[in-house]
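Before any comments, here is the structure.
Taken together, the values in this text are just the output of simple stated rules run on the coordinates, not laboratory data. Just so you know, these numbers come straight off a predicted model, no measurement behind them.
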Amino acid sequence: MGCVINAVIDFIYPPRCSLCGRYSGDEEGICPECLSQIHYIESPLCVRCGKPFSHEFATDHFCGECLTRKRYFTRARAVGLYTGIFRKALHRFKYQWKHCLATPLGTLMARRMESFFSDGTYHCMVPVPLHPRRLRKRGFNQALVLARVLSRIYHIPLDRDNLVRTRWTQSQVGLSERERKDNVRGAFTVVESARITRRTILLLDDIYTSGSTVDECSKVLINAGAGKVDILTLARAA
Ligand SMILES: [Zn+2]
Ligand SMILES: [Zn+2]
């Protein structure tokens, strides 16, 4: 009976791809053709920050930046490059609050997570927090929405209110790397250190640009006693 009802619903409201609008045949929200246009990030890449290398290098290694700069996170990985259809999807998800994209984008992250962090066992997932003022304006935290999907799939507890943004920061858009780092310095605080003592944490965000936001969060978590922080984002700016 359920099948009949679903068939009727599909007939009246055929499931459409939320990016290209074509009939997609399933409820995933993004059609296979759009999914195939994403520039997925794969090896060879930087073992620390996940920056993809051109194929002249065969194996993963440290990029120049990660060799010279202290990073507080252990590994950062992203599903795909922030370009083309993926950029469009993230933009719709974040600024137009296309709720139907939350599950397909979160599922995409979950799938890639297996290949990136096959050895990882995480005590908890922590989304990069928004400042309460930005949260009120946007209405939702995109990192939290994605973290919820992953937490459900992997049964990893979600720690959503222990890392907080206590200082208002201007948008990172258009800032240089140096400015981004200064902009987020001292912006985050851990509420209850005991909850993360020696814990292995997966920190989630939507986009990795210069890495200054996720590294500042990692610094605060490590200084509060966390054992290790890995980063997973949907997209990487370059
Ligand atoms: Zn499509
Ligand atoms: Zn690197």
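List nothing, just return the count: lysine pairs in the chain, 8 or more apart or interchain, with Cα separation under 15 Å.
On the way: Lys70/Lys181; Lys70/Lys219; Lys70/Lys228; Lys88/Lys98; Lys94/Lys137; Lys181/Lys219; Lys219/Lys228.
Value for the chain: 7.
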Compute the distribution of all C-alpha to C-alpha distances in the stretch 133-238, in bins of 5 Å from 0, and list the percent of pairs in each, rounded to whole numbers. 2, 12, 20, 25, 24, 13, 4, 0
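Per DSSP helix of 4 or more residues, -39500 (n - 2.57); summed, then divided by the residues of the chain. What does that give at 222 nm, rounded to the nearest 500?
Numbers: 9 runs with 88 residues, N = 238.
Dividing the helical sum by the residues of the chain leaves -11000 deg cm²/dmol.
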Quick one, what does Rg over Rh come out to for the stretch 63-144 if you take C-alpha atoms and the Kirkwood Rh? 1.00
Nearest 5 percent is fine: what portion of the DSSP beta bridges confined to the chain is antiparallel? 25
Most mobile of Ala187, Ala78, Ala110 per a Gaussian network model of the chain (Cα springs, under 10 Å)? Ala187
Can you give the alpha-carbon Rg of the chain over 2.2 N^0.38 Å, where N counts its residues? 1.05
Spelling it out for Cys124: with amide H atoms placed in the peptide plane at 1.01 Å from N, the residues 5 or more places away or on another chain with amide H under 5 Å from its amide H are Thr200, Leu202
Hey, can you grab everything whose amide H is under 5 Å from the amide H of Ala78? Only 5+ residues off in sequence or another chain; H modelled, so Pro and N-termini drop out. Thr233
